[in-house]
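This report concerns only the one structure given below.
The values are calculated or read from the model by the stated rules, or taken from the named source; none is laboratory data. Keep in mind that this is a model prediction, so the values were computed, not measured. Note: accessible area is taken over every heavy atom of the protein model, side chains too, but ligands, DNA and RNA are not part of it. Shrake-Rupley method; radii C 1.70, N 1.55, O 1.52, S 1.80 Å.
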Amino acid sequence: MKRILLLAALLAVTAVAGAQEVSSRAKAMRMMTYSRPEYQVKDIKVYTDTMTVYTLADYVVYPVGKWSSIEQYITDNQLQWYREVGYKAYFDSMSVSVNTMKRLDGSFLDMYYSIWTKRVELLAGKISDPEVVLDNGIHCGMSKDDVFKVFFKRYPRSYTADVAVLKIVSAAGEIAEIYTFKGNKLRHVQIVTGYKYY
């Protein structure tokens, strides 16, 4: 009798785990239908408290906009940045000339001017200052709902209730923006890249 009860409990746990997995896939597929066309969303994955959105949009590669020089970015955004210029180790044995733009709260952007794209490119960044606004209007302190409305036309709020991290990833996986929420507010944005060449 104990074996039958144990087997029944094991089957119930397995069935619930399988149903949750199907639920995550179904949630991701449904969220894709709500995505805004300008972001060209190709896939969405939901795993526990993280939603990852894969997109072909230029915005992901240039979250602070397209600039022809670092000076132009500093002048046009009208914020006080503390600028450090130097060389940083980059992947294997490379060193690149990087401008690190810093704010008093610890927010920073590591930028460099690319001789191939003729634009300012980002290597890394972490933004927690609400005065720093990304090109799509997102800034720290925004509500989770307002952040999701930038990427999705509409969606069931229950689908995002458990999401604490929203990752927007370029289709090639070279650059990503990681939006981290605390409660219902955007706490910080991290920019990570996997560029292998300067």
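Odds and ends about this structure:
- Hz values of 3J(HN,Hα) by residue in segment 121-126 - Karplus curve (6.51, -1.76, 1.60), Gly and Pro given as x: 10, 9, 9, 6, x, 8
- Taking amide H as placed 1.01 Å from N in the peptide plane, the amide H of HIS188 sits under 5 Å from that of THR180, each at least 5 places away or on another chain.
- Amide H partners (placed H, <5 Å) of VAL98, local residues excluded: GLY86, TYR87, LYS88
- Members of LYS45/LYS167; LYS66/LYS118; LYS126/LYS167; LYS66/LYS153; LYS102/LYS126; LYS102/LYS185 lying beyond 18 Å, as alpha-carbon distances in this model show: LYS66/LYS153; LYS102/LYS185
- Accessible carbon and sulfur surface of segment 36-158 relative to its total accessible area, %, 1.4 Å: 51
- Under-5 Å amide H pairs with ASP43, H placed in peptide plane, nonlocal only: TYR54
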